[in-house]
Amino acid sequence: MAVAVKNTPETTPHRLLDNLAVDSLLGVAYVLASLWVVFYGLPLLWWDLLGLPETFVTWGLVALSMVVAAGGLVWLGVRLLGPAPRRGVRAGIFFGLVGLLLLAFITSGVGALIEQGLATREPTLGMVLTAVVGVVLLAGMAFLFTLPGCDRLLGQVEDQGWFTAAAYKRSQGQRVRRWTIIGILALAGCGVFLMMNRGVGSVGLKEWSVLVPFAGGRSIVLLKDLQFTLPLLVTVASLWLAYRVVNVPVFADFLIATEAEMNKVSWTSRHRLVQDTVVVLVTVVLLTTFLFVVDVVWNQVLTRVGVVAEPKAGQQTSTSVHW
């Protein structure tokens, strides 16, 4: 006797970290911590704690340790994301970092305005107001990540391939893609060259920092030695942009279709091109001569029959128009 057994679907328990907003914010915290370790923690360890002299060898060791640490942290971050990360988490981390940067500048600007107005009267109140502004902006950014449409938007941005090294239809449209990459890199190279020769170095900018309100003019340095670090960052960003823009599905399909249409063009031979050029030039010369002769003949004929008045000696024709 057969007995029907109803299989209940397996349900996975809800976890706190099983959320795109939480994953994105944790990724932002990991990236910030990694940047601090590489660009501030290691130099602090080498120069301040160990007290090593600033020589060529020690600078090389510091640079090598920073590169190794950056590589290890990137490897660890990829391992933490897993082989199949949640759709949209990479885009969430990127926009989270951009949002934090904008939040820092807005809070710094608002705090500077409050400091100018309350510096001599109520500095404590100004600090509280600045902190409230920063907390409200941070809460607002976190709230935006929890909106229902945010997951879909981040997933759509990530589907364009901006945050992955995978190529889209790698074997198609290679020539057009390569020339597009060369064109983008040529423009970026000109910009970097001008930046290094007439850009941040010429105006005296040394670092990029965010002012900390009510801290006696202190600031948080985001980038040091702008004359070197900024062109380097622009170069890296240009290389990534040039590689990724030709792999965005919409633009990549356009380039592939363009190369397919160019392959259908029947290019003429050199001998035929010379013949056609000679024919065109001779035709233009003959038509020009014909029109010139016709114009001269009709001018003489119409002048003799009195249709066109012959100008008298010393008479000037007026070229002004009166309305």
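Read-outs throughout are calculated quantities, based only on the coordinates presented, and are distinct from any laboratory measurement. Computed from a prediction, not measured in an experiment: that's the story for all the values here. All Cβ positions, even for glycine, are placed from backbone atoms using ideal geometry, and neighbour counts span all protein chains on display.
Qualifying trypsin sites (Lys or Arg not before Pro) in region 263-306, where qualification requires a DSSP coil assignment and no more than 15 other C-beta atoms within 10 Å, comprise LYS264. Counting only Cα atoms, region 169-262 measures 64, 28, 14 Å along its principal axes, largest extent leading. Put in line by how crowded their Cβ is, counting other Cβ atoms within 10 Å and starting with the fewest, SER171, SER34 read SER171, SER34. Which shape class, rounded, prolate or oblate, goes with region 42-145 when its Cα gyration tensor gives a ≥ b ≥ c as root eigenvalues, a/c under 1.5 marks rounded, and past that a/b bigger than b/c marks prolate? Oblate.
Gain on full extension, evaluated as 0.36 nm per residue between VAL68 and VAL285 minus their Cα-Cα distance, stands at 71.0 nm. Entry note: region 217-316 has Rg to Rh equal to 1.48, where both radii use alpha-carbon atoms and Rh is the Kirkwood radius.
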